[in-house]
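What follows is a set of notes on a single structure, which appears directly below.
The values are calculated or read from the model by the stated rules, or taken from the named source; none is laboratory data. Please read all numbers here as calculations on a predicted model, not as lab measurements. As a convention, Cβ positions derive from the backbone with ideal geometry for all residues, glycine included, and neighbour counts pool all protein chains shown.
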Amino acid sequence: EYIFNLIDTPGHVDFNYEVSRSLAACEGAILVVDAAQGIEAQTLANVYLALDHNLDVFPVINKIDLPSADPERVRQEVEDVIGLDASEAVLASAKAGIGIEEILEQIVEKVPAPSGDSEEPLQCMIFDSLYDPYRGVIAYIRVVNGTVKVGDKVRMMATGKEFEVTEVGVFTPKTTQRDELTVGDVGFLAASIKNVGDTRVGDTITHAKRPA
């Protein structure tokens with residue numbers, strides 16, 4: 001049995017920074033290429049970001065059900081332009097549900113499981129955040145080491161500010177509260193934080209009493 005933590009990054013080149021921070025929370029990346037359009041400018045930008053983060057990248061050729069689809073041309077394009085081996089690229093259609101099982105099998109085969117130690121001091125990387133008028137700032141996090149629970153007092157390493165955790169949970173894809181998050185978990189953390197500036201993207205959250 002496997003648990004997949006999937007982060008869907010923006011495809012548009014204007015969101016380059018957001019993509020970069022999201023990739024920092026990942027072990028691998030699925031490069032989804034349109035079977036009709038082929039490689040576009042943002043495709044190149046995003047795949048180079050993934051490679052810069054030393055991620056295992058494997059291609060998936062999507063929308064093969066379109067009348068104008070030419071998956072073999074796109075497969076060759078991936079190899080010629082990007083230099084990735086596309087011989088095992090899954091031919092898929094998200095709309096028609098084609099190739100989904102094969103994609104999941106490739107994730108298991110090609111993407112390493114998260115490393116880390118649940119007994120080590122807490123290290124959570126913030127890769128995004130949003131403001132909720134009732135709950136305060138919700139930080140989207142990846143737990144690198146340690147475990148975080150509701151009631152823990154945590155510290156933002158960039159600012160030194162401390163907060164008490166009021167919620168932790170995961171996306172399934174709806175937000176689902178949990179008692180704790182541990183190594184490898186990707187989820188959210190709330191702590192009655194009023195200012196978005198206190199949850200800087202790329203910052204590390206640690207325990208106040210046992211900091212990393």
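Tabulated results
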{"quantity": "Tally of residues being over 24 Å from A41 (Cβ atoms) and among the β-branched types (V, I, T) across the range 77-102", "calculated": "2"}
{"quantity": "Members of the range 88-114 that are small (G, A, S) and touching a residue at least 12 places away in the same chain (Cβ under 8 Å)", "calculated": "A89, A92, S93, A94, A96, G99, A113"}
{"quantity": "Single residue of S115, S129 found to be buried (at least 19 other Cβ atoms within 10 Å of the Cβ) and either modelled with pLDDT under 95 or farther than 21 Å from V201 by Cα (or both)", "calculated": "S129"}
{"quantity": "Complete set of residues in the range 167-205 that are assigned to a strand (DSSP E or B), in contact (Cβ under 8 Å) with a residue 40 or more places away in the chain and over 11 Å from R142 (Cα atoms)", "calculated": "A190"}
{"quantity": "Scope the range 33-45; condition out of contact with any Asp or Glu (no Cβ under 7 Å at 6 or more places or on another chain), in contact (Cβ under 8 Å) with a residue 40 or more places away in the chain and either more than 16 Å from N62 (Cα to Cα) or among the hydrophobic types (A, V, I, L, M, F, W, C) (or both); matching residues", "calculated": "V33"}
{"quantity": "When residues of the range 53-111 are limited to those that are of a type in the set (S, T, N, Q) and assigned to a helix (DSSP H, G or I), the one farthest from Y17 (Cα to Cα)", "calculated": "Q76"}
{"quantity": "Verdict on Y48 being touching a residue at least 60 places away in the same chain (Cβ under 8 Å) and surrounded by fewer than 15 Cβ atoms within 10 Å (Cβ to Cβ)", "calculated": "no"}
